[in-house]
Amino acid sequence: MSAAGAASPRLPEVADPLALPLRLALLVLLLDAVMPFWFVRLPVIGLAALGLLLPDLLRSRGLWAALLLAVAWPLLWNWPFSDNHDYLRALLCLAVLVSLGARDPHATLADAARWLVGGVFLLATLWKVALSPDYLDGTFFRVTLLTDTRFENLAVLAGGMTWESWEAAEATFRRAVVEGVPPAALGLEVPAGVRRLAWVLTLWTAAIEAAVAAAFLAPRGRALSRARDALLLAFALTTFAFATVRGFGWLLAALGAAQVEPERRRTRLAYVGLFFAVELYRSVPWHQTLVSWLGRTGGLPG
Amino acid sequence: MEDGPSPERKAGGRPAARGDRVRALVAPAGLALLALLHLGLVLGAGLSPWNGGGFGMFSTLDHEGWRTLRLAVERPGAAEPERVPVPPELLREVRRAKVHPTRPLLRRLALRIAAAQPEARAVHVEVLRTRFDPATLEARREPLAALRHATEAR
């Protein structure tokens, strides 16, 4: 009990609205330092570890300036190979660095995080619905579901395929590309289940990304803004089950935790849960288990 | 530790101090600049939308996996340029040129090939992307960038 007589909060680390997202961010930097060269990786790992181990460094502008440098210079040196979330990682470090010099660091970081999430999803939506020549007509997902190994599990689980038929389809499709003929000329018809799944993914992904963008960019207090955490968590929990881009999922967890109002502890905890869910999705072979449980009939009825 | 909004915070959660509100825009402004740069490079320099920080991943099939880089050399007496395989030591440069086929990158590649093919009169470097017919999924290769580098007379 404090001197004022109020009970101390349980899980005080969750109650601290600034420390938790900073620690999440450091965990992301530590665990997702999947960088191609040791001289790129080691400084990030070392600095992130120091920030986690030494409490006084957590809010040190020096530490976050060093982290920003360590994650930003490879973006130039490794041009153009860095993934999108590598850029977001650098922007998060910049947001933290700048916020730590503010009068109200948490409110400043919360604002920055909200704009960053909204901006990222706005860009993703614009690319899909306005700039890409092959997204809205379903071509992207029809080809991707048959050729991208990251979507093989989804094609089997929800597209009516089997592991064997997927591998055969992938090989035939690539042969068709090399020979410059339609896949049908080599006997490959896109399964009906995959066609339906492609449409569902096309529409769902565009819609949820647009919704997240709108919710995070809407003025606070509006109903749409109040739905932003539910929308972001829905996006993350459905997307990263199959597209296991761990770094991006973890960064969304850190940014999400950073922009939650201080009094909403459960929502902050939900983002911690998201952090673990992303890794569970990646580590646990639940797709294969589910397909076996479904009796190896090629997944859900297509 | 804090367990509620700070007194400095405006209603609605935004920082009250104007300086703080400006600070909050620094990183998002960085994102906006990056997005503009990315769009410019995609439209003007053939950068793949999947690369460069513009968040165009998973929106298009125009990525490294569906781009092709072809190398060919003109030899004395040969009617047509002859395709040559990518030397293993140039794989990273080839990948870079596929994703962002600028003239300097293509020229650098051509010079490296020319050095390895001393009898060549010229080196051709061509980057193509794959477009898929929406109805039949038939693939069509579309030229994105090309360079012919004439070697010095030997």
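The values are calculated or read from the model by the stated rules, or taken from the named source; none is laboratory data. As the structure is a computational prediction, the values presented were derived from the model and not from experiment. Here the Cβ is made from the backbone with ideal geometry for all residues, glycine too, and neighbour counts use every protein chain on show. We work out accessible area using only protein heavy atoms, side chains counted, and drop any ligands, DNA or RNA first. Shrake-Rupley method; radii C 1.70, N 1.55, O 1.52, S 1.80 Å.
Here are some notes:
- Residue list for region A:114-141, restricted to those being charged (D, E, K, R), touching a Phe, Trp or Tyr at 6+ places or on another chain (Cβ under 8 Å) and closer than 20 Å to residue B:132 by Cα: A:128, A:134
- Candidates A:200, A:178, A:194: the one that is in a helix (DSSP H, G or I), open to solvent by 40 Å² or more (accessible area, probe 1.4 Å) and within 12 Å of chain B (Cβ to nearest Cβ) is A:178.
- Test: residue A:162 is hydroxyl-bearing (Ser, Thr, Tyr), farther than 30 Å from residue B:35 by Cβ and in contact (Cβ under 8 Å) with a residue 12 or more places away in the chain: yes
- Among the residues of region B:134-144, the one identified as touching a helix residue (DSSP H, G or I) at 6+ places or on another chain (Cβ under 6 Å) and assigned to a strand (DSSP E or B) is B:139.
- Region A:125-143 residues that are under 26 Å from residue A:176 (Cα atoms) and more than 7 Å from chain B (Cβ to nearest Cβ), paired with ones that are β-branched (Val, Ile, Thr) and surrounded by fewer than 18 Cβ atoms within 10 Å (Cβ to Cβ) (beta carbon under 8 Å, 6 or more apart): A:136/A:129
- Hits in region B:101-133 (condition: closer than 18 Å to residue A:132 by Cβ and part of a loop (DSSP other than H, G, I, E, B)): B:133
- Residue that is farthest from the other protein chains (Cβ to nearest Cβ) [pool: residues in region B:17-50 that are at pLDDT 95 or above and part of a loop (DSSP other than H, G, I, E, B)]: B:46
- Taking residues in region A:255-267 that are within 13 Å of residue A:225 (Cβ to Cβ), and partners anywhere that are open to solvent by less than 10 Å² (accessible area, probe 1.4 Å) and of a type in the set (Gly, Ala, Ser), the pairs with Cβ atoms closer than 7 Å and at least 6 places apart or on different chains are A:259/A:110; A:259/A:113.
- Restricting region B:69-78 to residues that are more than 14 Å from residue B:149 (Cβ to Cβ) and hydrophobic (A, V, I, L, M, F, W, C), the residue that is surrounded by the most Cβ atoms within 10 Å (Cβ to Cβ) is B:69.
- Here A:224, A:252, A:269 are screened, and the one residue that is open to solvent by 20 Å² or more (accessible area, probe 1.4 Å) and in contact with a Leu (Cβ under 8 Å, 6 or more places away or on another chain) is A:269.
- The single condition from (1) touching a helix residue (DSSP H, G or I) at 6+ places or on another chain (Cβ under 7 Å); (2) open to solvent by 20 Å² or more (accessible area, probe 1.4 Å) that residue A:117 fails is (2).
- Annotation: residue A:229 fulfils all but one of (1) open to solvent by 10 Å² or more (accessible area, probe 1.4 Å); (2) in contact with a Lys or Arg (Cβ under 9 Å, 6 or more places away or on another chain); (3) among the charged types (D, E, K, R); (4) part of a helix (DSSP H, G or I); the unmet one is (1).
- Applying the set (1) charged (D, E, K, R); (2) free of Cβ contacts under 8 Å to residues at least 60 places away in the same chain; (3) within 14 Å of another protein chain (Cβ to nearest Cβ); (4) over 25 Å from residue A:166 (Cα atoms) to residue A:189 leaves exactly one unmet item: (4).
- Test result for residue A:96, among the β-branched types (Val, Ile, Thr), in contact with a Pro (Cβ under 9 Å, 6 or more places away or on another chain) and either in contact (Cβ under 8 Å) with a residue 60 or more places away in the chain or surrounded by fewer than 22 Cβ atoms within 10 Å (Cβ to Cβ) (or both): yes
- Residues within region B:79-100 that are assigned to a loop (DSSP other than H, G, I, E, B) and either open to solvent by less than 50 Å² (accessible area, probe 1.4 Å) or in contact with a helix residue (DSSP H, G or I) (Cβ under 9 Å, 6 or more places away or on another chain) (or both), tallied: 4
- Residue within region A:282-290 that is open to solvent by less than 50 Å² (accessible area, probe 1.4 Å) and either basic (Lys, Arg) or in contact with an Asp or Glu (Cβ under 6 Å, 6 or more places away or on another chain) (or both) present: no
- Number of positions in region B:114-154 that are closer than 21 Å to residue B:84 by Cα, free of Cβ contacts under 8 Å to residues at least 40 places away in the same chain and within 14 Å of chain A (Cβ to nearest Cβ): 1
- Summed over region A:218-244, the residues that are within 12 Å of another protein chain (Cβ to nearest Cβ) and either among the polar types (S, T, N, Q) or closer than 17 Å to residue A:206 by Cβ (or both) give a count of 4.
- Exclusive hit being touching a helix residue (DSSP H, G or I) at 6+ places or on another chain (Cβ under 7 Å) and of a type in the set (D, E, K, R), set A:220, A:268, A:264: A:268
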